[in-house]
1. Of all residues in the stretch 107-137, how many are over 17 Å from ILE200 (Cβ atoms) and assigned to a strand (DSSP E or B)?
2. If you take just the helices (runs of 4 or more DSSP H) that sit entirely in the stretch 1-106, which of them hold at least 2 residues that are in contact with an Asp or Glu (Cβ under 7 Å, 6 or more places away or on another chain) and buried (at least 16 other Cβ atoms within 10 Å of the Cβ)?
3. Can you tell me which residue within the stretch 155-184, out of those that are in contact (Cβ under 8 Å) with a residue 60 or more places away in the chain and not in a helix (DSSP H, G or I), is nearest to ASP14 (Cα to Cα)?
4. Please state which one of ARG98, ARG103, ARG121 is in contact (Cβ under 8 Å) with a residue 60 or more places away in the chain and of a type outside the set (Val, Ile, Thr).
5. Within the stretch 118-150, which residues are over 13 Å from VAL29 (Cβ atoms) and touching a strand residue (DSSP E or B) at 6+ places or on another chain (Cβ under 7 Å)?
6. Which of (1) closer than 19 Å to ASN22 by Cβ; (2) in a loop (DSSP other than H, G, I, E, B) does LEU152 not meet, given it meets every other one?
7. Is it the case, given these coordinates, that ASP153 is loosely packed, with under 15 Cβ neighbours inside 10 Å, at pLDDT 95 or above, of a type in the set (Asp, Glu) and over 14 Å from the mean Cα position of the chain (by Cα)?
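The values are calculated or read from the model by the stated rules, or taken from the named source; none is laboratory data. All values derive from a computational prediction rather than experimental measurement. Neighbour counts run over all protein chains shown; Cβ positions are idealised from the backbone, glycine included.
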Amino acid sequence: MSWGTTEGDKTFRDAISAIENNSSVECVVAVRARARLFLGQHITVGLVATYAVLIFAVLNAWTPWATLAFPIAAGLVAALLVEYIAPLYRFLVPASLREDHVRTAARALFTEKGIYTTRDRTGLLIFVAVRDRIVEVIADVGIVEALGQTRLDHMAQTLGVALAEGPAALGRTLANFAPEFAEVLPRKSDDTNELSDDPIAVRPG
């Protein structure tokens with residue numbers, strides 16, 4: 001099962017239904033390949049590779065065309081490796097910086113999609129940054145008052161662990177929180193579905 005597929009999206013819709021059918025929480029799931037297009041580590045690794053090959057070429061008296069071409073090629077290949085090998089990207093970018101990127105993007109989306117506009121202020125955003133392997137949970141004041149920010153942060157950490165196993169595991173983990181939401185914010189007889197249940201696929205900012 002892959003991200004962005006019909007089957008993958010269904011796992012999130014099922015989790016959303018489990019939460020919303022039993023509580024007054026309005027849950028929205030957004031999935032991004034990455035939180036932000038950050039190229040600092042690509043450039044750094046590319047320059048290091050370029051200069052390393054250039055020095056090697058000069059010391060070994062390569063031909064002029066090889067001295068020019070191979071360092072450039074090495075720099076491009078190194079930058080592409082950072083782009084396409086996610087574990088290498090996560091190793092090179094400090095966790096605190098990745099977390100800041102995800103948090104900023106999640107808060108922006110929470111406002112952009114009007115998740116704060118529900119009747120009882122019970123909007124909940126589950127923001128999934130796949131490449132960063134981070135899940136950010138942004139909740140409106142009604143949920144924060146009922147559960148506490150510490151508990152919401154723990155939920156985000158638990159979802160982040162499940163993220164490594166793919167969308168099915170993440171969906172099941174999210175659904176497991178349904179009883180807890182139902183206990184503190186039970187569904188009311190006049191509750192309506194105020195936000196879309198379809199997962200949001202958003203582009204990097």
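1. So the answer is 0.
2. Per the criteria, 6-20.
3. The extreme case among them is PHE177.
4. Numbers: ARG103 fails: in contact (Cβ under 8 Å) with a residue 60 or more places away in the chain; ARG121 fails: in contact (Cβ under 8 Å) with a residue 60 or more places away in the chain.
None of the others qualify; the one that does is ARG98.
5. Initially, the stretch 118-150 is screened for residues over 13 Å from VAL29 (Cβ atoms), giving 118-122, 131-134, 139-150.
Scanning the stretch 118-150 gives THR118, THR122, ALA139, ASP140, ILE143.
6. The single condition LEU152 does not satisfy is (2).
7. Numbers: loosely packed, with under 15 Cβ neighbours inside 10 Å: yes; at pLDDT 95 or above: yes; of a type in the set (Asp, Glu): yes; over 14 Å from the mean Cα position of the chain (by Cα): yes.
Spelling it out, ASP153 is indeed loosely packed, with under 15 Cβ neighbours inside 10 Å, at pLDDT 95 or above, of a type in the set (Asp, Glu) and over 14 Å from the mean Cα position of the chain (by Cα).
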